[in-house]
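Visitor: Next up is a structure, given as structure tokens.
The values are calculated or read from the model by the stated rules, or taken from the named source; none is laboratory data. Note that the coordinates shown come from a computational prediction; the quantities given were computed from them, not determined experimentally. Here the Cβ is made from the backbone with ideal geometry for all residues, glycine too, and neighbour counts use every protein chain on show.
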Amino acid sequence: MATPGALRAPSPTPSAHSIVSAVEPQHVLVLYASETGNAQDIAERIARAFRAAHRRAVCVSMDEYDVVDLPHEPLLILVTSTHGRGDPPPAMRGLWGKLIRKGLPEDILDDVHYALFGLGDSSYERYCFAGKMLVRRMHSLGAHALCEPGWGDERAPDGVEQTFVPWLKQALDTFVPYLPGPSAPALPWNALPDPIYALDPVPADPADDLAKLSLNGSSSSQVPDVYAPKGWKMATLTKNERVTASGWFQDVRELDLELDGHESYPPGSVCAIHPRCSAEEVDTFLEMNDLQAEADRPIVIRSTIPDQPLPPHLPRGPTTLRILLTYHLDLRCPPRKSLFEWLGRFSNDEREEERLEEFIADPDEIHDYATRPKRTIVETLADFRATKMPLAYILEALPPLRRRQFSIASDSDAHPGEIQLLVALVEYKTNLSIPRRGLCSSWFSTMPEGTRIPYEILPPTLELPDKGTPVILVGPGTGVAPMRAFLEARVAQGAAQGELDSIDLYFKEDWEKHRAEGAHVRIAPSRDRPEKVYVQHLLREDAARLNDWIVRRRGHIYVCGSSNAMPREVREALAWAISIEGSGTMTPEESASYVETMFDDGRGGEESW
């Protein structure tokens with residue numbers, strides 16, 4: 001008799017789900033949601049491990065997947081990071097929103113058999129929370145877990161590898177018997193697999209602009225000055241001004257963008273900007289890998305695996321290797337373990353192979369060599385000069401160049417047709433005394449006014465309540481950017497009340513103006529005097545006001561800034577203020593629980609980086 005939700009396995013010993021299947025699986029689907037690229041890297045490693053075991057695997061970002069097909073996926077592996085205070089990462093939100101819709105049948109995923117690996121940092125309060133939510137929801141919709149979920153902790157002695165390696169072995173042992181394929185031993189880690197992408201040449205057409213460029217030699221001038229991802233809009237830079245003193249340790253810029261259209265956006269919105277790799281780094285990469293002759297030939301990218309779509313960061317039309325390296329692939333980020341595995345497959349040099357094997361066997365070696373000193377991929381390749389990266393594998397070996405996101409510091413009603421950003425340029429020396437500047441920072445620092453910039457406006461994660469509800473805004477350093485937008489909007493509503501911190505007093509004139517208009521604005525001079533004063537100190541001083549706003553008037557609290565100890569210490573200061581130790585009537589335990597519930601219920605919010 002058929003049992004719903006079961007799979008047919010080729011093993012002679014049936015498991016709990018091995019009797020029958022509505023759809024016999026032909027591949028395992030790996031769905032991932034990645035914020036910084038770590039979850040995508042893990043997902044791609046999982047897919048490669050299945051292919052090394054002679055089984056088909058398809059790897060897709062959650063935001064590129066049609067959730068309607070999910071009930072018909074017999075074998076599924078989910079990989080997700082956690083965003084903010086336990087929130088799903090942006091790439092997971094669409095799928096998650098559909099999974100939690102009311103009215104879904106409790107057995108809608110009864111034919112789905114899955115495993116999950118979550119990534120997180122155990123120093124955060126909601127460690128791997130997005131993955132844990134997803135496991136609970138999959139179970140409630142009838143999906144069957146074939147093995148225990150794995151939780152990758154960046155704080156573990158061996159990092160994520162400490163749990164990922166044994167979890168991957170368990171997943172392979174569990175899933176492989178259900179998939180068609182030979183019973184041959186898996187390929188060793190250093191065996192070079194067939195490439196999953198083909199870079200097909202585009203016949204030269206004199207009428208085609210890209211072809212014309214490719215026939216004029218191999219100059220970096222063949223790269224377009226501007227690249228706009230599909231659906232993005234264009235703006236013009238009208239202001240690029242340093243707002244910190246010339247002798248101050250950090251270069252913070254105000255960037256004003258004039259939009260081509262009068263696009264309206266709510267306060268708290270985020271502006272995404274797509275960076276570019278420098279021509280010097282691209283030329284260095286091409287030279288180190290003997291790819292100069294291939295740099296400017298028109299190509300089109302094609303997947304070689306059935307059902308495997310191109311990942312969203314790769315272009316769909318004609319392009320060139322130089323354009324890919326400039327706008328689509330990241331040469332600047334520190335290499336992960338997967339890059340060393342690729343180099344081990346490419347290498348024919350005995351000494352370099354031995355060194356690469358040491359990296360792959362010991363995560364501490366990678367941390368000490370690459371992560372801690374923040375070596376870039378280009379710098380790493382320079383240390384393995386005898387190892388060349390073949391053209392056919394570049395798209396798999398190099399990570400995607402990810403957009404950078406900045407909180408918008410302006411309200412669109414107060415500044416129609418304009419976006420204002422407050423950007424701290426990343427510039428420092430590594431522990432090897434190597435000067436380092438962030439990718440976007442290198443671009444911004446020399447960007448002249450009049451530069452055309454592609455942008456995308458992303459919806460806010462924090463939203464203002466009605467004007468009768470008090471709002472407490474806490475924004476240390478460049479965290480004041482979204483707070484300025486919120487305060488401009490509150491003033492327009494006729495209800496301006498806020499708590500703000502500033503290190504270098506960015507937008508000083510605005511705070512003075514809004515204070516005169518009725519806002520309660522306080523400045524915490526945390527760097528410009530010997531006696532440090534931080535936002536949490538001011539919150540404790542204002543305990544009576546906070547107790548009135550938060551408890552009696554059901555106010556909201558929003559915190560933006562660095563994701564270090566600041567958000568936690570702000571919540572502790574709020575809990576103290578509304579407790580009997582401050583100006584409230586709650587016990588310390590009750591007040592701490594009250595503040596946490598505020599953030600859970602949407603009366604509190606954090607935006608940290």
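Visitor: Run down T446, T387, T376, T461 and say which single residue is among the hydroxyl-bearing types (S, T, Y) and surrounded by fewer than 15 Cβ atoms within 10 Å (Cβ to Cβ).
Guide: T446
Visitor: Still on this structure, I have one more. State whether the residues of the range 578-594 include one that is under 26 Å from K467 (Cα atoms), of a type outside the set (A, V, I, L, M) and buried (at least 24 other Cβ atoms within 10 Å of the Cβ).
Guide: yes
Visitor: Modelled with pLDDT under 80 and not assigned by TED's automatic domain parsing to the domain that holds R603: which single residue out of S442, S502 fits that description?
Guide: S442
Visitor: Please go through the range 445-499 and give me each residue that is at pLDDT 85 or above, in contact with a helix residue (DSSP H, G or I) (Cβ under 9 Å, 6 or more places away or on another chain) and among the acidic types (D, E), ordered by number.
Guide: Across the range 445-499, the qualifying residues are D466, E488.
Visitor: Across the range 231-284, which residue is nearest to W443 (Cα to Cα) among those that are of a type in the set (F, W, Y) and within 26 Å of the chain's Cα centre (by Cα)?
Guide: Residue satisfying both the conditions and the ranking: W232.
Visitor: Does at least one position in the range 91-99 carry a residue that is in a loop (DSSP other than H, G, I, E, B), in the same structural domain as E35 (by TED's automatic domain parsing) and either touching a residue at least 12 places away in the same chain (Cβ under 8 Å) or at negative phi (or both)?
Guide: There is no residue in the range 91-99 that is in a loop (DSSP other than H, G, I, E, B), in the same structural domain as E35 (by TED's automatic domain parsing) and either touching a residue at least 12 places away in the same chain (Cβ under 8 Å) or at negative phi (or both).
Visitor: Shifting gears a bit: Go through the range 405-419 and report how many residues are under 22 Å from S562 (Cβ atoms) and buried (at least 17 other Cβ atoms within 10 Å of the Cβ).
Guide: So in the range 405-419, the residues under 22 Å from S562 (Cβ atoms) come out as 405-410.
Within this subset, residues satisfying the condition of being buried (at least 17 other Cβ atoms within 10 Å of the Cβ) are 406-410.
The number of residues fulfilling the criteria is 5.
Visitor: Given the condition touching a Leu at 6+ places or on another chain (Cβ under 8 Å), closer than 30 Å to P224 by Cβ and surrounded by fewer than 17 Cβ atoms within 10 Å (Cβ to Cβ), answer yes or no: does some residue in the range 316-331 qualify?
Guide: Scanning the range 316-331 turns up at least one residue that is touching a Leu at 6+ places or on another chain (Cβ under 8 Å), closer than 30 Å to P224 by Cβ and surrounded by fewer than 17 Cβ atoms within 10 Å (Cβ to Cβ).
Visitor: Also: Which one of these does E125 not meet: (1) in contact with a helix residue (DSSP H, G or I) (Cβ under 9 Å, 6 or more places away or on another chain); (2) at pLDDT 95 or above; (3) of a type in the set (D, E, K, R)?
Guide: For E125, the failing item is (2).
Visitor: Looking only at the range 308-344, how many residues end up being over 20 Å from the mean Cα position of the chain (by Cα) and among the charged types (D, E, K, R)?
Guide: Selection size over the range 308-344: 3.
Visitor: Taking the range 549-571 as the region of interest, how many residues are touching a helix residue (DSSP H, G or I) at 6+ places or on another chain (Cβ under 8 Å) and of a type in the set (S, T, N, Q)?
Guide: Counting residues in the range 549-571 that are touching a helix residue (DSSP H, G or I) at 6+ places or on another chain (Cβ under 8 Å) and of a type in the set (S, T, N, Q) gives 1.
Visitor: Something else now. Restricting to the range 70-93, what's the tally of residues that are more than 30 Å from V595 (Cβ to Cβ) and not charged (D, E, K, R)?
Guide: Of the range 70-93, the ones more than 30 Å from V595 (Cβ to Cβ) are 70-79.
The next check asks that each one be not charged (D, E, K, R); those that pass are 70-72, 74-79.
Selection size over the range 70-93: 9.
Visitor: Going residue by residue through the range 333-342, is there one that turns out to be part of a helix (DSSP H, G or I), closer than 19 Å to L192 by Cβ and among the aliphatic types (A, V, I, L, M)?
Guide: The answer is yes; a qualifying residue exists.
Visitor: Does D66 count as farther than 17 Å from S140 by Cα and more than 15 Å from the chain's Cα centre (by Cα)?
Guide: yes
Visitor: While we're looking at this one, here's another question. Which of the residues belonging to the range 112-145 are part of a loop (DSSP other than H, G, I, E, B) and crowded, with 23+ Cβ neighbours inside 10 Å? Don't jump to the end; show me each part of the working.
Guide: Going residue by residue through the range 112-145, those that are part of a loop (DSSP other than H, G, I, E, B) are 112, 121-128, 141-143.
If the condition is that a residue be part of a loop (DSSP other than H, G, I, E, B) and crowded, with 23+ Cβ neighbours inside 10 Å, then C128, A143 are the ones that fit.
Visitor: Counting residues that are touching a strand residue (DSSP E or B) at 6+ places or on another chain (Cβ under 7 Å), farther than 29 Å from S269 by Cα and outside the structural domain of A424 (by TED's automatic domain parsing), which helices (runs of 4 or more DSSP H) fully inside the range 535-609 reach at least 2?
Guide: In the range 535-609, the matching helices (runs of 4 or more DSSP H) lie at 588-601.
Visitor: Can I ask one more? Kindly evaluate A424 against the criterion of being touching a helix residue (DSSP H, G or I) at 6+ places or on another chain (Cβ under 9 Å), farther than 29 Å from A272 by Cβ and hydrophobic (A, V, I, L, M, F, W, C).
Guide: On the way: touching a helix residue (DSSP H, G or I) at 6+ places or on another chain (Cβ under 9 Å): yes; farther than 29 Å from A272 by Cβ: no; hydrophobic (A, V, I, L, M, F, W, C): yes.
Spelling it out, it is not the case that A424 is touching a helix residue (DSSP H, G or I) at 6+ places or on another chain (Cβ under 9 Å), farther than 29 Å from A272 by Cβ and hydrophobic (A, V, I, L, M, F, W, C).
Visitor: Inspect the range 292-304 for any residue being within 30 Å of R56 (Cβ to Cβ), assigned to a loop (DSSP other than H, G, I, E, B) and touching a strand residue (DSSP E or B) at 6+ places or on another chain (Cβ under 8 Å) and give the result as yes or no.
Guide: Looking through the range 292-304, at least one residue is within 30 Å of R56 (Cβ to Cβ), assigned to a loop (DSSP other than H, G, I, E, B) and touching a strand residue (DSSP E or B) at 6+ places or on another chain (Cβ under 8 Å).
Visitor: Turning to a different aspect of this structure: What are the residues in the range 221-261 that are among the aromatic types (F, W, Y) and more than 30 Å from L314 (Cα to Cα), if any?
Guide: Selection gives W248, F249.
Visitor: To continue, here is another question. So which residues in the range 275-315 are among the hydrophobic types (A, V, I, L, M, F, W, C), closer than 13 Å to L199 by Cα and crowded, with 16+ Cβ neighbours inside 10 Å, if there are any at all?
Guide: Result: A295, I299, I301, L314.
Visitor: Here are some residues: L324, L356. Which one is closer than 21 Å to I196 by Cβ and in contact (Cβ under 8 Å) with a residue 24 or more places away in the chain?
Guide: None of the other options fit; the residue is L324.
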